[in-house]
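These notes concern the structure reproduced below.
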Amino acid sequence: MKETTTLKKSAQTDGLSRVDGRLKVTGAARYSAEFNIKGLTYGVLVGSTIAKGSIKSLDTKQAERAPGVLTVITHLNSPKVPGYQDGKPTGNGVFKIFYDNKIYFSGQPVALVVADSFERALFGASQVKAQYNQDNHQTNLRANVNTAKAPHGDGTYKRGTEDAWKTAPVKVEQEYIIPSDIHNPMELHAIIAQWDGDDKLTVWDKTQGVQDARDEIAQIFKLKKENVQVNSKFVGGAFGSALRTWPHEVAAIIAAKALNRPVKVVLSRADMFTSVGYRPHTWQKIGIGATADGKLVGITHEAIGQTSTYENFTEGTVGVSQSLYACPNVNTSYKLVALDVGVPTWMRGPGEATGAFALESALDELSYQLNIDPIELRMRNYAQTEPQGGKPFSSKYLDEAYKMGAEHIGWNDRSPKPGTVNENGWLVGYGMGGGMFGAYRDGATVKAIMMADGNLILQTAVSDIGPGTGTAMVSIASEMMGIPAEKIRFDMGESSLPQAPTQGGSSITASVGSAVYAVCKDLKEKFQQLIGNGGTDKPDYAQVLKQHNLAKLQVTSSAQGGDERKKYAMFSWSVHFVRVKVHPATGVIKIDKVACVADSGHIVSPKTARSQIIGGAIGGIGMALMEEVVFDHRYGRIVNNNFADYHVPVNADIPQIDALFVNKPDPYINPMGAKGMGEIALIGMASAVANAVYNATGKRVRDLPITPDKLITMDVELS
Ligand code: MOS
């Protein structure tokens, strides 16, 4: 009984602290590159210095003779990869590493040098000499928009009248541009590959999904799934870059086979800029019109994003304009420009983060034209049902979120006239921007084992990229079983464990949490059967096992969504509020205060949820103010592929960020009533910052990032 009281307090007010927090901060948690496998060797990739063409010659002799070098793998000597032997070149979603002499982007691996130490491999890699036949490359999106093509069909969506915004009494038409943003988690992508004979493979791999990685690797190397073991026990951050299997992983597996020794490949920070995807550079144009009293008449949203020549990457950039507001006339178009660059990939809030920057900036511009408060404008166009098809929402408390955030940031102190508030020589402004993301749920299976000592073990193959999945799952099990969190162990990150989806799309708490819920329910039922009539809801499990002479009691259960998705439109919602200070002479921007409000249904794990919102908000601030891939188009190369030149927010850039939750359960999505929050933590943030900067300065910046140089010619009087 005492235990239950303690649990209720900790689980319902503060929430559990991270169950693996101690392991992480003491260095005891082992990440993929940190396993000391017997006989381990070290691989370093050599990247192409041209962006397009072919390899004329590769001289690897000096590298092979370098101290400690064991082998140099290139397209000239690479063992055949069974999954590559379909006669087709790289393309259609498969990048075939070391397959032929074709070059598709600068930084493309042309050799892997393997040595008995990392340092010797690095030196060996410096000795590889490549000569190329260079073709003319195109790496500039804006110079190539005339080649934009719809990825499928004609890429358009329409409801009501096309371009109806043009007929509205009040309108805005503007272009919004985001550069490419790079995933820069603390942990570099890394893999250790070890073969056991010809047909068994184990990898320790940074991945967001051990079972999807297993399936992809099994397919590429034509192995039985059960002969491939993928381990990813701890992941040091990932925002989408580890959602798929990349060429460097294949390279390590090829080399391990060739050498018959385990091979480790860790990407360099520079490799992270070319080899594991990024948020694509995207041009957007929004036309938006309203009646004088602020009712939306129409939205037209066009987007053109960059992709690679060998694979199309698509994302839902224009989706927010279709679904965020009640607007009778909406048309959108989405196109891609294929460039001689590495393929982009999903990055936190993929598509929506890009689209929301444009839409929520445009709405802000409209609010000033209408002279209506930005929140009031949103409330006048509040979608009570899903605007595309009229389905009811499973839950939507965005209106409450607006109120909570406005109150928290002190929205009443905002001047509706830009550039009018000066505080000790700094211009002060407030801005807000909203986000939405589908609330998804996949099937998952969890095994629960109650041990004789009353400790509970839960097992499933999910990996945790940082949000605190283990903590959330232990919270759910603790509530369900009525035992303290300290008595629960959550095993994950191994592909041989029961089925779980890849951690992505803000869906894991809903998916795996439902299976934890189900397995705990089933386990309790099993105990009730043992106890017979008259048992309590929360028995002393160890006592019951002892009475029945059992060493343990275990059950495996699965859970998946039903057809509630057919009846309801399911989304998570967020709104971000920002107070900024801008120095009028230098254009320096200080983020002064941030309040983020999430409608993520019931909050299962309050502490880790708060951290997740803060992390997403920081990502959004980076997107707004700092992050930008810079190409030298003469060479088709990224010139700022390091932390000195590619800026991400550091502690000094970030003030206190307050995460607030509506915390009302969604009645339909899953038994916990929990919706996702990983993506909405970021979506809308960049617009909130841009809108605050406008409110402070009267300067509207529509091409991110908002660097000081874009602000030092302000439309306001310097005081
Ligand atoms: Mo995320 S883009 O679903 O890792």
If Val114 passes every condition in (1) in contact (Cβ under 8 Å) with a residue 24 or more places away in the chain; (2) surrounded by 13 or more Cβ atoms within 10 Å (Cβ to Cβ); (3) not in a strand (DSSP E or B) but one, which one does it miss? (3)
When you go through (1) open to solvent by less than 30 Å² (accessible area, probe 1.4 Å); (2) within 20 Å of Thr354 (Cβ to Cβ); (3) in contact with a Ser or Thr (Cβ under 7 Å, 6 or more places away or on another chain); (4) not assigned by TED's automatic domain parsing to the domain that holds Pro350 one by one for Ala238, which number turns out not to apply? (3)
Check on Thr460, surrounded by fewer than 21 Cβ atoms within 10 Å (Cβ to Cβ), hydroxyl-bearing (Ser, Thr, Tyr) and away from the ligand (no atom under 16 Å from the Cβ): no
Name the single residue, out of those in region 648-669 being open to solvent by 80 Å² or more (accessible area, probe 1.4 Å) and in contact (Cβ under 8 Å) with a residue 40 or more places away in the chain, that is nearest to Gly620 (Cα to Cα). Gln656
Within region 189-205, residues being part of a loop (DSSP other than H, G, I, E, B) and crowded, with 20+ Cβ neighbours inside 10 Å number 1
Only residues that are farther than 13 Å from Pro179 by Cα, in contact (Cβ under 8 Å) with a residue 60 or more places away in the chain and open to solvent by 50 Å² or more (accessible area, probe 1.4 Å): list them for region 697-713, please. Pro708, Asp709, Ile712
Can you tell me which residue in region 310-340 is nearest to Thr291 (Cα to Cα), limited to those that are touching a Gly at 6+ places or on another chain (Cβ under 7 Å) and within 16 Å of the ligand (Cβ to nearest atom)? Val320
Counting only residues that are closer than 17 Å to Gly160 by Cβ, of a type in the set (Val, Ile, Thr) and buried (at least 24 other Cβ atoms within 10 Å of the Cβ), region 279-319 contains a total of 4
Exception for Gly240 within (1) under 28 Å from the mean Cα position of the chain (by Cα); (2) in a strand (DSSP E or B) falls at (2)
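Every residue, every condition in (1) β-branched (Val, Ile, Thr); (2) within 19 Å of Val266 (Cα to Cα); (3) open to solvent by 40 Å² or more (accessible area, probe 1.4 Å); (4) in a loop (DSSP other than H, G, I, E, B), yes or no:
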{"position": "Gly87", "(1), (2), (3), (4)": "no, no, yes, yes"}
{"position": "Ala121", "(1), (2), (3), (4)": "no, yes, no, no"}
{"position": "Gln131", "(1), (2), (3), (4)": "no, no, yes, no"}
{"position": "Asn144", "(1), (2), (3), (4)": "no, no, no, no"}
Might you let me know whether region 165-178 holds any residue that is surrounded by 20 or more Cβ atoms within 10 Å (Cβ to Cβ), closer than 21 Å to Pro344 by Cα and not assigned by TED's automatic domain parsing to the domain that holds Leu336? yes
Counting only residues that are within 30 Å of Ser232 (Cβ to Cβ) and more than 16 Å from the ligand (Cβ to nearest atom), give me the helices (runs of 4 or more DSSP H) lying completely in region 486-588 with at least 1 of them. 508-531, 564-567
Cβ-Cβ under 8 Å pairs, at least 6 apart or on other chains, region 679-690 side in a helix (DSSP H, G or I), far side hydroxyl-bearing (Ser, Thr, Tyr) and at pLDDT 95 or above: Ser687/Ser361; Ala690/Ser361
Answer residue from region 435-492, given it is among the acidic types (Asp, Glu) and under 16 Å from Val516 (Cβ atoms) and is nearest to the chain's Cα centre (by Cα) among those: Asp464
Met672, sole failed condition from (1) within 30 Å of Met473 (Cα to Cα); (2) buried (at least 21 other Cβ atoms within 10 Å of the Cβ); (3) within 16 Å of the ligand (Cβ to nearest atom): (3)
Index of the failed condition, Ile253 passing every other in (1) within 16 Å of the ligand (Cβ to nearest atom); (2) open to solvent by less than 40 Å² (accessible area, probe 1.4 Å): (1)
Look at Lys56 and say whether it is modelled with pLDDT under 95 and either open to solvent by 20 Å² or more (accessible area, probe 1.4 Å) or in a strand (DSSP E or B) (or both). no
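The values are calculated or read from the model by the stated rules, or taken from the named source; none is laboratory data. As the structure is a computational prediction, the values presented were derived from the model and not from experiment. When we count neighbours, we look across all protein chains shown, and the Cβ atoms used for this are built from the backbone with ideal geometry, even at glycine. These accessible areas exclude ligands, DNA and RNA; they are computed on the full protein's heavy atoms, side chains included. Shrake-Rupley method; radii C 1.70, N 1.55, O 1.52, S 1.80 Å.
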